[in-house]
Amino acid sequence: MSAAVLLSCHGTVSRHEDIPAFLHNIRRGRPTPPELVQEIAHRFDAIGGSPLMTITEAQARALEARLGVPVAVCARLWHPYPSEVLPALLAQGVRTVISLPLAPQSVDVYHAAIREAAAAHPDLTVRAAPAWGLEPALLDAFIETIDEALAAEPEADRNTIPIILSAHSLPRRVIAMGDRYEIEFRAMAGAVAERLEARGFQTHIAFQSQGASAEPWIGPDLPETFATLARAGAHTALIAPIGFLAEHVETLYDLDIEAPKLAAQAGLPRLLRARAVSTRPRFIDALEAVARRVL
């Protein structure tokens with residue numbers, strides 16, 4: 001029986017004209033105010049377009065080279081949807097699909113989208129990877145990005161720089177409904193923090209990129225975290241966006257363009273940023289380990 005791995009992500013658009021429809025998907029059909037469409041278009045323009053899908057495809061190719069089985073890519077909120085990818089895998093003779101979300105937390109959301117699409121193909125079996133935020137190679141990859149971001153700093157000063165471990169925020173109502181995202185992210189961030197604190201670093205957890213709705217979102221958010229560090233006398237901080245496995249608007253705009261301004265307003269004059277793990281070998285090691293266990 002032939003098997004393939006299907007990597008899933010949230011997805012993004014490559015054309016301006018698709019932004020309203022994309023936001024319609026994200027907002028689950030709720031009307032999108034024109035000013036929000038304009039703001040999202042501005043952010044895409046400011047970073048020259050999101051590289052998310054290009055990086056995701058590169059992650060797939062790197063994993064495929066390791067596993068020796070087909071590795072395909074799909075997205076929950078934009079093309080290519082699972083329903084568009086599965087027929088091509090079936091045509092290649094694939095009868096077992098390993099669902100591996102490119103998000104270590106809340107994996108059931110991604111599995112559900114793939115299982116829904118697979119229901120139209122009775123000959124197809126879906127095997128789902130469990131939450132994998134504590135995969136040792138993944139934690140190693142995060143530490144690598146942090147060490148690389150600190151490498152240009154004077155060695156004597158590195159341990160004085162607080163490290164902010166960030167992830168995308170979610171509405172509190174989603175957490176109240178039983179989503180394990182916050183619990184699982186805090187466990188992953190705690191494992192990273194444990195390694196860093198053993199080396200003398202100070203760590204903080206923050207939730208970024210809150211949506212446009214007025215409802216409560218999980219926190220602390222970045223402005224609150226920056227203010228806390230400034231009050232403690234910090235002049236420099238490092239953001240490590242470990243909740244994001246590829247560069248996207250949330251890192252290239254929210255962290256590289258918007259966050260330094262928010263930090264300065266809070267009295268924190270200098271902000272460093274670790275890169276997303278993307279295709280670094282240690283991250284591909286993590287994907288390979290998770291995929292092989294399910295295979």
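The values are calculated or read from the model by the stated rules, or taken from the named source; none is laboratory data. Keep in mind that what you see is a predicted model, and the values were worked out from it rather than measured. Note that each Cβ is placed from the backbone with ideal geometry, even for glycine, and that neighbours are counted across all protein chains shown.
Residue check: is residue 98 in the same structural domain as residue 207 (by TED's automatic domain parsing) and either at pLDDT 95 or above or over 24 Å from residue 283 (Cα atoms) (or both)?
Working: in the same structural domain as residue 207 (by TED's automatic domain parsing): no; either at pLDDT 95 or above or over 24 Å from residue 283 (Cα atoms) (or both): yes.
For residue 98, the condition - in the same structural domain as residue 207 (by TED's automatic domain parsing) and either at pLDDT 95 or above or over 24 Å from residue 283 (Cα atoms) (or both) - is not met.
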- segment 2-32, residues that are touching a Lys or Arg at 6+ places or on another chain (Cβ under 9 Å) and at positive phi: 11
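For segment 72-89, give me the residue count where each residue is outside any loop (DSSP other than H, G, I, E, B) and either modelled with pLDDT under 95 or out of contact with any strand residue (DSSP E or B) (no Cβ under 9 Å at 6 or more places or on another chain) (or both).
Residues of segment 72-89 outside any loop (DSSP other than H, G, I, E, B): 72-75, 82-89.
Going one step further and asking which of them are either modelled with pLDDT under 95 or out of contact with any strand residue (DSSP E or B) (no Cβ under 9 Å at 6 or more places or on another chain) (or both), we end up with 87.
Result for segment 72-89: 1.
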- Message: Name the residue that is surrounded by the fewest Cβ atoms within 10 Å (Cβ to Cβ), counting only residues in segment 117-135 that are under 17 Å from residue 189 (Cβ atoms) and hydrophobic (A, V, I, L, M, F, W, C).
- Response: 134
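Here's the yes/no breakdown for (1) at negative phi; (2) surrounded by fewer than 22 Cβ atoms within 10 Å (Cβ to Cβ); (3) part of a loop (DSSP other than H, G, I, E, B):
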position	(1), (2), (3)
96	yes, yes, no
103	yes, no, yes
108	yes, yes, no
115	yes, yes, no
137	yes, yes, no
146	yes, no, no
- Message: Given the options 167, 103, name the one that is in contact with a helix residue (DSSP H, G or I) (Cβ under 6 Å, 6 or more places away or on another chain), within 30 Å of residue 212 (Cα to Cα) and of a type in the set (Gly, Ala, Ser).
- Response: 167
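Looking at segment 114-126, is at least one residue assigned by TED's automatic domain parsing to the domain that holds residue 286 and of a type in the set (Ser, Thr, Tyr)?
Yes; the residues of segment 114-126 include at least one that is assigned by TED's automatic domain parsing to the domain that holds residue 286 and of a type in the set (Ser, Thr, Tyr).
So that you can scan it fast, the table gives a plain yes or no per residue for (1) over 16 Å from residue 55 (Cβ atoms); (2) in contact with a Gly (Cβ under 6 Å, 6 or more places away or on another chain); (3) part of a helix (DSSP H, G or I); (4) among the polar types (S, T, N, Q):
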| position | (1), (2), (3), (4) |
| --- | --- |
| 224 | yes, no, yes, no |
| 228 | yes, no, yes, yes |
| 234 | yes, no, no, no |
| 238 | yes, no, no, no |
| 245 | no, no, no, no |
| 251 | no, no, yes, yes |
| 256 | no, no, yes, no |
| 261 | yes, no, yes, no |
| 267 | yes, no, no, no |
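Just checking, which of 212, 237, 191, 187 is farther than 22 Å from residue 250 by Cα and of a type in the set (A, V, I, L, M)?
The match here is 191.
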- Message: Can you find, within segment 148-190, the residue that is surrounded by the fewest Cβ atoms within 10 Å (Cβ to Cβ) among those that are farther than 19 Å from residue 243 by Cβ and basic (Lys, Arg)?
- Response: 173
- The condition from (1) in the same structural domain as residue 57 (by TED's automatic domain parsing); (2) surrounded by 16 or more Cβ atoms within 10 Å (Cβ to Cβ); (3) of a type outside the set (Phe, Trp, Tyr) that residue 289 misses is numbered (2)
- Item | All positions within segment 7-40 that are part of a helix (DSSP H, G or I), among the aliphatic types (A, V, I, L, M) and surrounded by 15 or more Cβ atoms within 10 Å (Cβ to Cβ) | 19, 23, 26, 36, 37, 40
- Please find, among 144, 155, 197, 148, the residue that is in contact with a Ser or Thr (Cβ under 7 Å, 6 or more places away or on another chain) and of a type outside the set (Lys, Arg). 197
- residue 152: passes all of (1) more than 16 Å from the chain's Cα centre (by Cα); (2) over 21 Å from residue 268 (Cβ atoms); (3) not in a helix (DSSP H, G or I) but (2)
